[in-house]
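Here the structure is laid out as C-alpha cells; the discussion comes afterwards.
The values are calculated or read from the model by the stated rules, or taken from the named source; none is laboratory data. Worth saying up front: this structure is predicted, and the values here are computed from it rather than measured. Because the Cβ atoms are built from the backbone with ideal geometry, glycine has one as well, and the counts that use them run over all protein chains shown.
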Ligand SMILES: Cc1ncc(COP(=O)(O)O)c(C=O)c1O
C-alpha cells in the first residue's frame, strides 16, 4: 500500500489541505523526495515554513547542540538561554524603540490569537479590524479575527469589523488606489464602529492565503495613519511574508509603516514549530499566565530560530529573495506572453502570486484550471498550491536560498504544464479527489 493511502486511512482529514497525492519521504535544499523516488522542486516550502530549505546544516547543528544539553522544554516556569537570546535578537531586529517584550509560541495561529486577546484585555477596547480574506490562523481565537472563505464554519469575534483588501487587479469600487476603503472606514468610525472601541487593526502586508495580493502603493500608510489618529494599535501579521521573504526583513517596511506589534511564524522556525510576537511592554506584560502552553519557549525550537536569524544575515538571504524573486517574476512575465491563462503576476521577493483567468478582459477566475495545473505541475516535478477567494492564484513561497537555476527550472515545468493544459492533455477530473480550498 502506498504511503499516501496509509495516510488517508490513518490521519484525520480535519487537518488536511490537499491538492495532489504528495507523500514525502525526505528532502534536501529546495527539493523534496516523493514516495515514488521522484525529486520535486518545492515551490511552497510547506507554505513558507521551510525558509532555509530542507535539512539546512545551520538548523541541524543548532538543534543538535540544544538537544545535547537540553535546557528543559518550556519557558513557563523557568528562563532558558536560547529563548532569552532569541527574544533579545528579535528586539534588536525590529525598528523603533521603547520598552518592548517578546512572546514565543508554536504557530502563527497561537501568536495571532494571543495578540487578539492581549490587545483587547490591555486596552479595554473590545473591537478589532481585519481584512476580508485575511487568514490569521486556525485556532478559535485566530479564526475569530480572520475572514477567509475556508473558515465559513468559524465563529467571528463579536464586534469584528471587516474591511475590503484593495486588490489592484480587481479594484474595490473601481478605485485601484484603495482610497475608497479608507473613506468607508472613516464613515464606519462615525456610525457603527466607534474608533475608541477598537483595540487594533490586523494587517497582512501581502494578503497571502486570500490571494497573494500586494496592496496599492500608499494604501497601508493612509489606513494606518487614520487608525493611529484614533489610538488604534497596528498589528503586522508577518507570519507568511516576513523573515526576509519579501526582500526586507519585515514585509510592512515596503509600505513605510512601522507597526506597534509584529507577528512572526512559519519561516522563523525554519521548519520547526516556532512563532513570536514583538510588541510594547504595556500590552505584552499585561498579565502573567495569560497566554501559555507547556512547550512555549522551547529551547530546541528557539535555537532553530536563532540559527534562522543568523543564516538570513550570513547568507544574505534577503538580498537573494529580492534578486531571485525578481528573476522569477521576469520569467513568469515571459510565460504570460505565451499563455493566456496567466492574468496577473505579483508579489515581493520570494512571495509571488500568479492569478489564472479566462475570458480575456472579463478576468473570469480559472478555478478549475488552477486545480488541474498544480496537479500537472506535481506530475512534472514541481510542488506549488493555489490560494485566493476564487482558488485561482498560484502561490510561490520557495526557500529563501532558491537559486536562479531553480527558478528557471520551475518556469520551464510551469511552461510544460500550461501547454499540456491548453492542449487538452490534462484530464478534466484529474484533481476531482482533492478538495484544495
Ligand atoms: C498571514 C498568516 N498568518 C497566520 C497564519 C497561521 O499560521 P499557522 O498555520 O502556522 O498557525 C498563516 C498561515 O497560513 C498566515 O498565512
The residue that is nearest to residue 15 (Cα to Cα), considering only those in segment 94-118 that are assigned to a helix (DSSP H, G or I) and more than 10 Å from the ligand (Cβ to nearest atom), is 114
Of the listed residues (273, 217), the one being assigned by TED's automatic domain parsing to the domain that holds residue 293, surrounded by fewer than 24 Cβ atoms within 10 Å (Cβ to Cβ), within 12 Å of the ligand (Cβ to nearest atom) and over 14 Å from the mean Cα position of the chain (by Cα) is 273
Within segment 67-93, the residues that are touching a strand residue (DSSP E or B) at 6+ places or on another chain (Cβ under 9 Å) and either over 20 Å from residue 265 (Cα atoms) or not in a helix (DSSP H, G or I) (or both) are 75
All-but-one check, residue 278 against (1) part of a loop (DSSP other than H, G, I, E, B); (2) over 12 Å from the mean Cα position of the chain (by Cα); (3) surrounded by 19 or more Cβ atoms within 10 Å (Cβ to Cβ), failing number (1)
The condition of being assigned by TED's automatic domain parsing to the domain that holds residue 240 and more than 25 Å from residue 24 (Cβ to Cβ) holds, among 356, 335, 309, only for 309
Note on residue 102: of the conditions (1) buried (at least 18 other Cβ atoms within 10 Å of the Cβ); (2) within 22 Å of the chain's Cα centre (by Cα); (3) closer than 30 Å to residue 370 by Cβ, unmet is (3)
Original post:
Is it true that residue 147 is in contact with a strand residue (DSSP E or B) (Cβ under 6 Å, 6 or more places away or on another chain), within 23 Å of residue 387 (Cβ to Cβ) and part of a loop (DSSP other than H, G, I, E, B)?
Top reply: yes
- Taking residue 173, is it more than 16 Å from the ligand (Cβ to nearest atom), in a helix (DSSP H, G or I), surrounded by fewer than 20 Cβ atoms within 10 Å (Cβ to Cβ) and in the same structural domain as residue 298 (by TED's automatic domain parsing)? yes
Checked segment 255-279 for anything touching a strand residue (DSSP E or B) at 6+ places or on another chain (Cβ under 6 Å) and under 20 Å from residue 96 (Cα atoms); matches are 259, 260, 261, 262, 263, 264, 276, 277, 278, 279
Q) In this structure, does residue 196 turn out to be farther than 23 Å from residue 265 by Cα, assigned to a helix (DSSP H, G or I) and out of contact with any strand residue (DSSP E or B) (no Cβ under 6 Å at 6 or more places or on another chain)? A) yes
Expected single match for modelled with pLDDT under 95, touching a strand residue (DSSP E or B) at 6+ places or on another chain (Cβ under 8 Å) and either buried (at least 16 other Cβ atoms within 10 Å of the Cβ) or over 26 Å from residue 214 (Cα atoms) (or both) among 388, 381, 436 is 436
Exercise. Any residue at all in segment 119-135 that is under 24 Å from residue 288 (Cα atoms) and within 14 Å of the ligand (Cβ to nearest atom)?
Worked result: no
Over segment 27-39, the set of residues under 19 Å from residue 5 (Cβ atoms) and in contact with a strand residue (DSSP E or B) (Cβ under 6 Å, 6 or more places away or on another chain) is 32, 33, 34, 35
Scanning segment 22-59 for residues that are part of a loop (DSSP other than H, G, I, E, B) and more than 23 Å from the chain's Cα centre (by Cα), the one surrounded by the most Cβ atoms within 10 Å (Cβ to Cβ) turns out to be 35
Check: Quick check, is residue 267 within 15 Å of the ligand (Cβ to nearest atom) and part of a helix (DSSP H, G or I)?
Finding: yes
Filtering segment 226-259 down to residues that are within 15 Å of the ligand (Cβ to nearest atom) and in a loop (DSSP other than H, G, I, E, B) yields 238, 239, 240, 241, 242, 243, 245, 246, 250, 259
Discussion item. Just checking, does segment 120-133 include any residue being within 23 Å of the chain's Cα centre (by Cα), touching a residue at least 40 places away in the same chain (Cβ under 8 Å) and either under 23 Å from residue 269 (Cβ atoms) or in a helix (DSSP H, G or I) (or both)?
Written reply: no
Is it the case that segment 51-63 has a residue that's within 16 Å of the ligand (Cβ to nearest atom) and outside the structural domain of residue 238 (by TED's automatic domain parsing)?
yes
Only one of 398, 427 is modelled with pLDDT of 95 or more and surrounded by fewer than 21 Cβ atoms within 10 Å (Cβ to Cβ), namely 427
For residue 305, the lone unmet condition from (1) outside any helix (DSSP H, G or I); (2) within 16 Å of the ligand (Cβ to nearest atom) is (1)
